[in-house]
Structures are given as C-alpha cells and as structure tokens.
1. Which condition number in (1) within 20 Å of A239 (Cβ to Cβ); (2) open to solvent by less than 40 Å² (accessible area, probe 1.4 Å) is the one that Q209 fails?
2. Condition check: open to solvent by 10 Å² or more (accessible area, probe 1.4 Å), assigned to a strand (DSSP E or B) and either basic (K, R) or closer than 23 Å to L267 by Cα (or both). Does L30 satisfy that?
3. F69: touching a residue at least 40 places away in the same chain (Cβ under 8 Å), closer than 19 Å to A105 by Cβ, out of contact with any strand residue (DSSP E or B) (no Cβ under 9 Å at 6 or more places or on another chain) and not in a strand (DSSP E or B), yes or no?
4. Restricting the range 54-77 to residues that are more than 25 Å from the chain's Cα centre (by Cα) and within 20 Å of A306 (Cα to Cα), which is least open to solvent (accessible area, probe 1.4 Å)?
5. Of all residues being over 23 Å from the mean Cα position of the chain (by Cα) and aliphatic (A, V, I, L, M) in the range 1-27, which is most open to solvent (accessible area, probe 1.4 Å)? Just the residue, please.
6. Limited to the range 201-220, what total is found for residues that are of a type outside the set (S, T, Y) and either closer than 17 Å to W281 by Cα or in a strand (DSSP E or B) (or both)?
7. Would you call K158 part of a helix (DSSP H, G or I) and among the basic types (K, R)?
8. Out of all the residues in the range 140-157, is one or more touching a strand residue (DSSP E or B) at 6+ places or on another chain (Cβ under 6 Å), open to solvent by 30 Å² or more (accessible area, probe 1.4 Å) and closer than 17 Å to P218 by Cα?
Amino acid sequence: MKITTKECVLHFKQPAGTSRGVYTERKIWLVVVSEGAAVGIGECAPLPQLSCDDIPDYGEQLSVKSKEFAALQQGDAAVSAFFETLRDYPSMLFGLETAWLSFLASSHTTHRLPIIFDTPFSRGEVGIPINGLVWMGTYDEMLCRMEQKLKQGFRCVKLKIGAISFDEELELIKRIRSRFSHHEVELRVDANGAFPFDEALYKLELLSQYNIHSIEQPIRAGQWANMAELCRESPLPIALDEELIGVNDPDQKRQMLNIIKPRYIILKPSLHGGMMGCREWIDTARDMGIGSWITSALESNIGLNAIAQFCSSVYGDSIAMPQGLGTGQLFTDNIPMPLEIRGDQLWISKNS
C-alpha cells in the first residue's frame, strides 16, 4: 500500500469574514492511498489558529503519520488501533479515515465520487437539508447576502455575527423577521465566541425576541463554568462548537457535556476528532438528551463529500434538521465533484 500527500491552496470567491478574521485562501493537504487499481483520497484541512492540530510543521508530521499508516499490516484491528493514536490530530485523522474508507470502497466509485458509506444520499436518491450561510460584513452586505439566500430557497439561514455593531445586527435580524416569520425561515446565529461574558446574557435576551433557533458559541471557549451558567439562564438555546475543540478523550467529552449541558452540539470532523470522534460526541450527547448536527469546516469538495456521506450514515435516511453543508461553492478552484445544491438541499448528482 502506498500513501502520498500533496499540499494545495484554494481561493475564496469573496472574502469570508468571521470574528477571528477574514479568510481569502485556504490551505489543505490531500492524502491518496493506492494499491494496484484501488485508490482512495482524503482531505486534511486544519483551520489556522483554531484547530488543535494547527502546528508549524503540519505537512512534515502528516507525511510521517502517513508513512506509519502505510506500513501497517492491513486489517480492521490494526487500522482502528492506529486511528486511536491520532486523537490529538483530528484533521489528519479525518483525512486518513476518508482516504482509507474510499480506498476500501474504490471498486464502487463512479463519476469521481467515492461512495464511502452506502446510503440513499450517497446513491443520489435523497438530499440532505442544509442551512444557507451569511458571512460577516457590513450591514448592507449581510442584508444583500441574506436576501440572496432566501431567493435561492433556503428555509434555514445561519448568520455570522460579531463583526459589526450588535445594534446593527439586531436591526438586520428585526428586518428579516418583519418579512419572514419563524414558521417560514429558521434563523441561527453564530457568534464565534465574540460576546464578553458580562454582556452575553443581555444580548441573548435581546436576540430571543426574534424567534431564533439557536446561537452558536456566544462566548469564547474554555470557560466551562460561565458557559454552563449561560446555558441555564439563556432564553435562547445554546450550541457548542469551538468549545469541543481539543476535547478528544471520551470521558472528558461526557464530563464537559454534563457540566455545561448545552441544548445542541455542532460537529466538524476536521476539528472534533474525525469521524471516529464525532460518532463519540453524537452518541454521548444523544444519551444525555442533547441534540446535534454536522457541518463542514471550509474543506474542498473532497472533504465535503466525506462529511455529507458520514452525516447520512449517522442520522439515517430522512434527515429533518438542516445541516451545515453548504460550503461547496465558496472557492474559485474547488475540486470538481458531482455535489450540487437544489433549493435548500445538498445532493449527489447521478447524471454527472
């Protein structure tokens, strides 16, 4: 078995603003597993200053891990044991998981799309509902982007907030609600940890007036006691995202959820433990009555395809809650794959 890695840079069609800064390009590494005619491909895509495995020598370490993986005696037990050693390198784990699963399934690959999990979605029979994403910007930019998402048919829209004044953001949400009730459009907001704790509850109370589904990561990660207090007191359901980064031990996952008790958790395989770690998060949350959904983390179509198929395998044939999988059209130079958005659903095209 041979494994090769390749560094690539993707370019955004327009700057993608978050409370941590603005992205104009995205560095990823592709991992290719091959033996004879069988080929599998995966994507390793750490996010700068966010991923717990965002390390200076990432490419070199990925090469080392890949060579160790290639030297394994193939078999489920050996592969599972090796993946356990990558718990602290979630983006590498996700890329190697994807490459390995698509390598195993390569005899079923059609139209350049690896069938990693055999589900109605991966066979192109059903779509997955997704939310539209409105990036941070000026008031006018965000309003224009919101209107575009609504015209495209999205019934669930996620707003990135925290870059402009909170009053302007409230005004934008008020304007949306004056046109569309919560029965017509579900609104989610993502603060990316932008609220100071001493202002957070007041802001959550103001936001709750507009029938918002949930807010993602209102305060910065690592403040378990403060986040737990917000989850108890907030009139608006809170979802954890960045809070989960670096929490890779199964017992610590349960401890965190038991302390904070969020309404939802949001899983990104590249950030939250690969597919293996995300299954643990979902199962643990389900045992505790905590909801979840899955999103991509600005991967190329290689990673997006894997995440979407993983999502369909985890949540079953009929997914009701919109997932965060609408990032496939962000790049000018994305890797072509037969993924397409129809209305507010992500589909695999059988005709590509």
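The values are calculated or read from the model by the stated rules, or taken from the named source; none is laboratory data. Remember, it's a predicted structure, so these values are computed and weren't measured experimentally. Neighbour counts run over all protein chains shown; Cβ positions are idealised from the backbone, glycine included. Side chains are part of the model used for accessible areas, which takes the heavy atoms of the whole protein and leaves out ligands, DNA and RNA. Shrake-Rupley method; radii C 1.70, N 1.55, O 1.52, S 1.80 Å.
1. (2)
2. When the stated conditions are applied, L30 passes them.
3. Working: touching a residue at least 40 places away in the same chain (Cβ under 8 Å): yes; closer than 19 Å to A105 by Cβ: yes; out of contact with any strand residue (DSSP E or B) (no Cβ under 9 Å at 6 or more places or on another chain): no; not in a strand (DSSP E or B): yes.
So F69 fails the test.
4. So the residue we want is F69.
5. M1
6. 6
7. Judged against the criteria, K158 is not a match.
8. no
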